Amino acid sequence: MNLLPKTREEFAQTDYWNEFFKKRGEKAFEWYGEYLELCDQIHKYIKPADRILMLGCGNSKLSMDMYDTGFRDITNIDISPIAVKKMVELNAKSRPDMKFLQMDATAMTFPDESFSVSLDKGTLDALFADDEPETKAVVENYFKEILRTMRNGGRYVGISLLQEHILNFLLDFLPKQNCMLRIVHCLGVEQANKEKNADDALTLPVFVVVATKFKSLPMPVLEFGFGNDKMQRFSTVSELNNAVSSVQKAALVCNGLARSNIAGHNEVIMDLHRPSEQTPRYTIHILDKPPARGLGKYAAFIVPQGREVEWLFSTPAGRKKLQDSANFQRLAVVTLHRDQVYSTLDEVKQELADSIKNLSPAGLTEQIPYLSLGSDVGKRETLICGFSKISGDFRIEEVEANGKTLRRLIFLSNQFVVQSEALVKTVKIKGKKDRKKIDFGYLACQHHLYMSVGVQLATTVQNPKRDVEKDVLVVGLGGGGLCSFLHAALPQARITAVEIDPIMLEVAEQYFELKQDKRFHVVIDDGLDFVERCRNEDIHFDAVLFDVDSKDLSLGMSCPPQSFLATKILQHIKEIIGPKGLFMLNLVCRDESLRAEALHNLHQVFPAVCSYKLEEDINEIIYCANDEKYKTVEQWKKNMGTAGRGLNSAVKETKLASEDALEVAEFLSELKI
């Protein structure tokens, strides 16, 4: 199975073509392959019994090789009398039945329907050197003559590099002439060219165009394939155009990667598709570092299923750290996509082999090592495919990672981010089938841990009365992991969660075992409207948490939506938490100016603001208070330290099986005003 590459890189296609023809010069048309590299396609579409017309034979050996293998009825034409004379002299004795005629292919003198096959090796590309109207008129005459002299059911077999203007012409012209159109990528020719020109990394893909003539077709028939793989049929010209263009673009990017080191630049990203599928099967990130002694040249790292969301694999900084650990000058990091089936790691390596090789530096002779985290491709099981009017398509899936079973909520609009995650434990019941159970002591997200410390601070240190329940407002439910942890770990907390999407409440209850009771209830409402109503009705909370994502992924701030940081809303929060309460928000911001604006708005409203930036993530927890004593970072550290130790004790007392004990000292050292 060959994979269709779709690169995300931009490039000047014209520059590559110009350089190709400049460097190849008169030898450019050797690039179309010799008989041995083309024979699979020739024998597939041309039979010994066919009457064959060789268009623009020049001094090519192709028709001679075909004659020697049993194709005896071959007529060669060329506009050059010198070329024809030489070919006659060369073949007169050894190939007496083969004909060579001096003739213009755009004005042939053969009767109608004389041939069953017209074979073109590079002649179309030579004729169609530019996109000028005069050139187009010549090419149109060329094809009209081919079709006139071709029998019904006959085939035009053209070997071409399919420059953009040539491809566009063929896709427009041939279907209108009742021709079934098939385009095949000649992998054998491309590989042979790379081997013959190992020191010159500039290569371009070669295609076989097969146009079969019919009297009439009820609809266009358009197909694309790799070598001898099964053909993929398309319903529109644009789909076929995209398939060819994808191969060409990827080849040009591979040319660049072969000839240069991209250290200091952005990663190159390439998606690999099966020709019959629109969704990627693999995504490859290519990273380089400067040459240095002791570095391996090139390796591929296959990320097991379910691990692609981890910081080490999902972020540029993480992949850079992975490359440093792997100790290779170039590293191709391969991620596997959901909704795909992968059997074994060896099968994945085999499927990727050609694509990974195409991304290698020029001159690489040693075998490419494949690295991974283990000996398998990981396990991913989709429990449900769902849709929400607010959040779009989503998945509930279980993955195996580090010996754990993790259940995840993934929004497909941002599928490399885990929306919610829970640890699944298997409970063995004597005489009964094992049962899966959610471990509420597991906090998947680091930022949830530090928000929980803030809740502990607000409900115990700030308000130490043990016999009074403390009210906590969480805006943004997701799978309910944070709320379930707080409910289990802090018995004195009375939690209200606000979620705008009713589907998420169903998900949390059915798949993450969220349970409402007298200390925990969920309100389906817009978070901003709920906050305003609380302020108007004089409802107060000891702690307010914003953990809500933005649905607009084009913005530089993905959490919370900018409307949640409007001065009016912050003023409402200020009143709701009162003199002793605490407001916390999870800030995810890639745009430094937006981050600065958010912090400015918070400082304008709250007397005391403190932040903690997670080391291996872009999440930043912001703590805000009305209490003047928190104006110094020392006071934050003192009370946060007490709250952190208190949270650890609370987890132990409630017998939660948490493995996320807070490293208080490290946390405190990173707190900033």
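The values are calculated or read from the model by the stated rules, or taken from the named source; none is laboratory data. Please read these numbers as outputs of a predicted model, since none were measured by experiment. FYI the Cβ positions are ideal-geometry reconstructions off the backbone, even for glycines, and counts take in every protein chain you see. Quick note on the areas: whole protein, heavy atoms, side chains included, nothing else; ligands and nucleic acids left out. Shrake-Rupley method; radii C 1.70, N 1.55, O 1.52, S 1.80 Å.
In this structure, LEU514 does not satisfy being within 19 Å of HIS540 (Cβ to Cβ), touching a helix residue (DSSP H, G or I) at 6+ places or on another chain (Cβ under 6 Å) and not assigned by the TED database to the domain that holds PHE387.
Out of all the residues in the range 54-62, is one or more at pLDDT 70 or above, surrounded by fewer than 18 Cβ atoms within 10 Å (Cβ to Cβ) and either in the same structural domain as LYS144 (by the TED database) or of a type in the set (Lys, Arg) (or both)? Break it down stepwise before answering.
Our first condition is that a residue be at pLDDT 70 or above; within the range 54-62, this holds for 54-62.
Within this subset, residues satisfying the condition of being surrounded by fewer than 18 Cβ atoms within 10 Å (Cβ to Cβ) are 59, 61.
Checking which are either in the same structural domain as LYS144 (by the TED database) or of a type in the set (Lys, Arg) (or both) leaves us with 59, 61.
Yes, that holds for at least one residue.
Looking across the range 143-168, the residues that are in a helix (DSSP H, G or I) and either closer than 10 Å to SER116 by Cα or in contact (Cβ under 8 Å) with a residue 60 or more places away in the chain (or both) come down to ILE146, LEU147, GLU164, LEU167, ASN168. Among the residues of the range 562-581, just one is assigned to a loop (DSSP other than H, G, I, E, B) and among the aliphatic types (A, V, I, L, M), namely ALA566. Looking across the range 279-328, the residues that are under 20 Å from LEU257 (Cα atoms), open to solvent by less than 50 Å² (accessible area, probe 1.4 Å) and polar (S, T, N, Q) come down to THR283, GLN323. Checking each residue in the range 64-80 for being surrounded by fewer than 19 Cβ atoms within 10 Å (Cβ to Cβ) and either in a loop (DSSP other than H, G, I, E, B) or at pLDDT below 90 (or both) picks out THR69, GLY70, ARG72, ASP73, ILE79, SER80. GLU509 meets the conditions (1) open to solvent by 20 Å² or more (accessible area, probe 1.4 Å); (2) within 29 Å of ASP627 (Cβ to Cβ); (3) in a helix (DSSP H, G or I) in every case but one. The failed one is (2).
Specify the residue that is nearest to the chain's Cα centre (by Cα); the eligible residues are those in the range 40-62 that are within 22 Å of PHE100 (Cβ to Cβ) and not in a loop (DSSP other than H, G, I, E, B). Looking at the filtered set, the residue picked out is ILE42.
Considering the range 108-133, and only residues there that are at pLDDT 95 or above and surrounded by fewer than 14 Cβ atoms within 10 Å (Cβ to Cβ), the residue that is nearest to TYR156 (Cα to Cα) turns out to be ASP112. Taking the range 426-468 as the range and being over 24 Å from ASP549 (Cα atoms), in contact (Cβ under 8 Å) with a residue 60 or more places away in the chain and open to solvent by 50 Å² or more (accessible area, probe 1.4 Å) as the test, only LYS437 passes. When VAL247, VAL253 are checked against the criterion of being hydrophobic (A, V, I, L, M, F, W, C), out of contact with any helix residue (DSSP H, G or I) (no Cβ under 9 Å at 6 or more places or on another chain) and modelled with pLDDT under 85, VAL253 stands alone in meeting it.
When GLN350 is tested against (1) touching a residue at least 12 places away in the same chain (Cβ under 8 Å); (2) of a type in the set (S, T, N, Q); (3) open to solvent by 30 Å² or more (accessible area, probe 1.4 Å), just one condition goes unmet, and that condition is (1).
Among the residues of the range 335-354, those that are in a helix (DSSP H, G or I) and modelled with pLDDT of 90 or more comprise LEU345, ASP346, GLU347, VAL348, LYS349, GLN350, GLU351, LEU352, ALA353. Given the condition more than 17 Å from LYS144 (Cα to Cα) and outside any strand (DSSP E or B), answer yes or no: does some residue in the range 101-117 qualify? Among the residues of the range 101-117, not one is more than 17 Å from LYS144 (Cα to Cα) and outside any strand (DSSP E or B), which makes the answer no. What do you reckon, is ASP40 surrounded by 14 or more Cβ atoms within 10 Å (Cβ to Cβ) and at pLDDT 90 or above? It is false that ASP40 is surrounded by 14 or more Cβ atoms within 10 Å (Cβ to Cβ) and at pLDDT 90 or above. Of the residues contained in the range 484-502, one or more are found to be in a helix (DSSP H, G or I), farther than 23 Å from SER391 by Cα and aromatic (Phe, Trp, Tyr). Note on the range 281-304: among residues that are modelled with pLDDT under 90 and touching a strand residue (DSSP E or B) at 6+ places or on another chain (Cβ under 7 Å), the one that is nearest to GLU223 (Cα to Cα) is GLY296.
The requirement of being touching a helix residue (DSSP H, G or I) at 6+ places or on another chain (Cβ under 8 Å) and part of a loop (DSSP other than H, G, I, E, B) is not satisfied by ALA332. The set of residues in the range 573-588 that are open to solvent by 10 Å² or more (accessible area, probe 1.4 Å) and either over 16 Å from TYR623 (Cα atoms) or within 30 Å of the chain's Cα centre (by Cα) (or both) contains only VAL588. If you go through the range 444-473 and keep only what is at pLDDT 85 or above and either in a strand (DSSP E or B) or within 25 Å of GLN305 (Cα to Cα) (or both), you end up with HIS447, HIS448, LYS470, ASP471, VAL472, LEU473.
For ILE569, indicate whether it is open to solvent by 10 Å² or more (accessible area, probe 1.4 Å), of a type in the set (A, V, I, L, M) and over 26 Å from THR315 (Cα atoms). Judged against the criteria, ILE569 is a match. Being assigned to a helix (DSSP H, G or I), among the aliphatic types (A, V, I, L, M) and touching a Leu at 6+ places or on another chain (Cβ under 9 Å): is that true of LEU312 here? When the stated conditions are applied, LEU312 passes them.
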